[in-house]
Amino acid sequence: MRVSIYALVASVAVTTSAFAAEIEPTAVSYNDGAVEMSLTGVAGNPEEGAKIVGSKKLGNCVACHEVSALPDIAFQGMIGPALDGAGDRWSEAELRGIVANAKIMFEGTMMPSFYKDTGYIRPGKAYTGKAADDTLGPLLSAQQIEDVVAYLATLKD
Amino acid sequence: MNKFTKGLGACMTAMIVASGALADPADDTLVINDEIEIVTRTAAPAHLSDALDEVMSGWLFRGAETRDMERDDFDNAGMIFVEKAEDAWNTADGSAGKSCADCHGESTEMAGVRPVYPKYVEAAGEVRTLEMQINDCRENRMGAEKWKYTGGDMVNMTALISSVSRGMPVNITTDGPAQSTWEQGKEIYYTRFGQLELSCANCHEDNYGNMIRADHLSQGQINGFPTYRLKNAKLNSAHARFKGCVRDTRAETFNPGSPEFVALEMYVGSRGNGLSVEGPSVRN
């Protein structure tokens with residue numbers, strides 16, 4: 001028993017140090033809906049961000065938003081405003097806040113909160129319909145949020 | 001209309017067409033077999049008047065080909081299952097050696113039943129769905145095994161019972177002894193479940209007519225249930241649909257037949273009061 005507990009402690013320590021700079025979902029500080037500080041300290045990659053915005057398995061932002069800069073993605077939704085020009089309308093900090101938890105900037109909005117891991121009603125295990133277990137994390141990782149923000153910043157009119 | 005506004009209108013139409021997002025409900029009317037007139041849009045029932053002006057069948061949100069399949073029973077694949085249920089209706093089952101027909105007569109005697117379910121059943125002291133009533137007959141009058149809530153036999157039988165009421169207005173009672181169940185269903189309808197934190201209302205009240213990815217959102221009405229879906233080529237019950245929609249919010253679903261879904265069915269059904277019973281309908 002003792003051996004495995006030591007092993008566990010050791011592995012937790014490694015994980016923590018590897019992501020030392022990462023801000024946990026519950027620790028993000030919002031200022032009027034905006035988040036000034038990078039969640040990771042590592043600059044976002046706009047190409048990765050574009051993939052996340054368009055992918056059904058990742059952000060699936062196009063389920064609700066049109067993005068003309070991604071013409072290869074068929075069937076873009078029209079629930080929210082088109083994201084064209086989002087990089088002109090919003091600062092990087094505002095974009096980070098909107099993507100991480102849009103409900104702070106837009107009260108009651110339908111847009112899901114992508115960097116949040118508590119406070120859900122009957123959270124499920126992805127799309128299985130089964131109850132979530134202790135692996136429940138935010139919809140996107142901290143670095144994925146940074147990548148999406150970097151991509152949105154490129155959307156200028 | 002002056003030249004300027006006309007020009008503006010034309011330009012806006014062009015924009016909408018160009019973006020491929022023309023997504024209003026169809027301007028169309030439904031008459032089945034050239035004789036059953038179906039009310040597919042009507043004034044919202046009083047209890048909904050602060051949320052919606054008009055209620056609309058999901059039929060109006062489907063493409064022309066899918067809509068056409070519902071105009072004639074020969075083109076409506078759901079009717080094949082109605083025929084199967086007609087056989088079951090007339091076949092004795094269980095220890096009592098009785099069929100549905102032995103107690104109820106022809107299946108057409110069930111006209112008028114579908115529009116008022118779910119309802120409070122005095123003798124049972126609870127709100128019941130059609131499925132619950134069917135299983136009550138099977139267990140207690142026929143001495144037969146209960147059918148699985150969303151299984152083929154059950155869905156087929158609800159399609160038969162619905163088909164003989166097509167054209168009649170949905171008329172679910174929301175007050176009296178049913179009221180607390182109805183209120184519970186309403187509460188569920190507006191709760192933002194799951195990791196996506198979406199309620200039924202987010203999609204079907206606030207955004208009907210809009211595209212969510214490839215799907216054209218309807219009002220999520222259940223007057224057309226069970227529906228034959230081209231996607232899975234079988235009849236689908238309302239509770240199976242609820243389960244799918246809740247699952248898509250990344251939530252832990254409720255089970256078909258659970259008290260929560262019975263209440264939700266009562267509430268959602270009442271949002272369609274005034275629309276015609278349309279099941280078995282055709283959807284994609």
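Return the average number of partner chain Cβ atoms within 10 angstrom of each residue Cβ along peptide A:73-83.
Across the residues of A:73-83, the mean count of other-chain Cβ atoms within 10 Å is 4.
Using a simple spin-label model with pseudo-atoms 7 Å out from Cα toward Cβ, B:D68 and B:D24 lie 2.3 nm apart.
What order do B:M142, B:M168 take when sorted by accessible area (1.4 Å probe), most exposed first?
Greatest to least solvent exposure: B:M168, B:M142.
Summarising the overall dimensions of region A:46-146 from its C-alpha atoms, the Rg and Dmax are 14.0, 41 angstrom. Per-residue extension of 0.36 nm, minus the Cα-Cα distance of A:L136 and A:Y30, leaves a gain of 35.9 nm for this segment.
What net charge is computed for the residues neighbouring B:L196, neighbours being all others with C-beta under 15 Å from the C-beta of B:L196, Lys and Arg scored +1, Asp and Glu -1?
Numbers: positive: A:K56, A:K57, A:K103, A:K116, A:R122, A:K125, B:R192, B:R213, B:R247, B:R250; negative: A:D117, B:E197, B:D206, B:D215, B:D248, B:E252.
For residues surrounding B:L196, the net value is +4.
Across region B:219-284, the relative contact order, built from alpha-carbon pairs under 8 Å that are at least six residues apart, equals 52 percent. With a 10 Å cut-off around each Cβ of B:188-197, the average count of Cβ atoms from other chains is 6. Working from label points 7 Å from Cα in the Cα-to-Cβ sense, the B:A51 to A:D157 distance is 3.6 nm.
For B:V116 and A:T118, what is the calculated FRET efficiency with R₀ set at 41 Å and r taken between the beta-carbons, to the nearest 0.05? Display every interim value, and only then the final one.
On the way: r = 43 Å, r/R0 = 1.04.
My answer for the efficiency is 0.45.
I'd like to verify something in chain A: which complete DSSP H helices, judged by Cα projection on the helix axis, reach 24 Å or more and average at least -0.5 on the Kyte-Doolittle scale? Counting only whole DSSP H runs, the qualifying helices are A:2-18.
Can you give the local net charge around B:W89? Use residues other than it whose beta-carbon is closer than 15 angstrom to its beta-carbon, Lys and Arg +1, Asp and Glu -1. Kindly include the intermediate steps, with their values, before the conclusion.
Numbers: positive: B:K84, B:K98, B:R114, B:R138, B:R141; negative: B:E83, B:E86, B:D87, B:D93, B:D102, B:E106, B:E109, B:D153.
Neighbourhood net charge equals -3.
If R0 is 51 Å, the Cβ-Cβ spacing of B:N140 and A:D72 corresponds to a FRET efficiency of close to 0.30.
Comparing A:I121, A:I73, A:I52 in a Gaussian network model of chain A, where Cα atoms under 10 Å apart are tied by springs, the biggest mean-square fluctuation is seen for A:I121.
Accessible area lost on pairing A with B, both sides, 1.4 Å probe, Å² to nearest 100?
Numbers: alone 10110 and 14580 Å², together 22040 Å².
That pair hides around 2700 Å² of surface in total.
Inter-chain Cβ neighbour count for B:252-262, averaged per residue, equals 2 (cutoff 10 Å, partner chain atoms only).
In square angstrom, what is the accessible area per residue of chain A with a 1.4 angstrom probe? Intermediate values should be presented prior to the final figure.
Numbers: 8780 Å² over 157 residues.
Result: 56 Å² per residue.
Size descriptor for region B:30-282, Kirkwood hydrodynamic radius: 18.5 Å (Cα pairs only, one decimal). Of the solvent-accessible surface of chain B, computed with a 1.4 Å probe and all protein chains present, 49% belongs to carbon and sulfur.
Å³ per residue of the Cα convex hull, for region B:49-123?
So the per-residue Cα hull volume is 160 Å³.
Straight-line cross-link reach from B:K231 at under 27 Å between alpha-carbon atoms covers these lysines, not counting any fewer than eight positions away in the same chain: A:K56, A:K57, A:K125, A:K130, B:K84, B:K148, B:K243. Rounded to the nearest 10 square angstrom, A:R89 shows an accessible area of 120 square angstrom against a 1.4 Å probe. Taking label positions 7 Å along the Cα-Cβ direction at both B:D75 and A:S91, the computed distance is 5.9 nm, reported to one decimal. Rounded to the nearest 10 degrees, the inclination of helix B:238-247 to the longest alpha-carbon principal axis of chain B is 50 degrees.
What value, in deg cm²/dmol to 500, does the helix sum -39500 (n - 2.57) over DSSP H runs of n ≥ 4 give at 222 nm once divided by the residues of chain B?
Values: 10 runs with 98 residues, N = 284.
Value at 222 nm, helices only: -10000 deg cm²/dmol.
Of the peptides B:119-130, B:151-162, the ranking by mean beta-carbon count within 10 Å, highest at the top, reads B:151-162, B:119-130.
The angle separating the long axis of helix B:78-89 from the principal Cα axis of greatest extent in chain B is about 10 degrees. Mean residue ellipticity, 222 nm, helices only, chain A: the sum of -39500 (n - 2.57) across DSSP H runs of n ≥ 4, divided by residue count and rounded to 500, is -11000 deg cm²/dmol.
The values are calculated or read from the model by the stated rules, or taken from the named source; none is laboratory data. Everything numeric in this text was worked out from a predicted model, so none of it was measured. With ideal geometry, Cβ positions are generated from the backbone for all residues, glycine too; neighbour counts draw on all protein chains shown. Please note that ligands, DNA and RNA were not included when accessible areas were found on the heavy atoms of the full protein model with its side chains. Shrake-Rupley method; radii C 1.70, N 1.55, O 1.52, S 1.80 Å.
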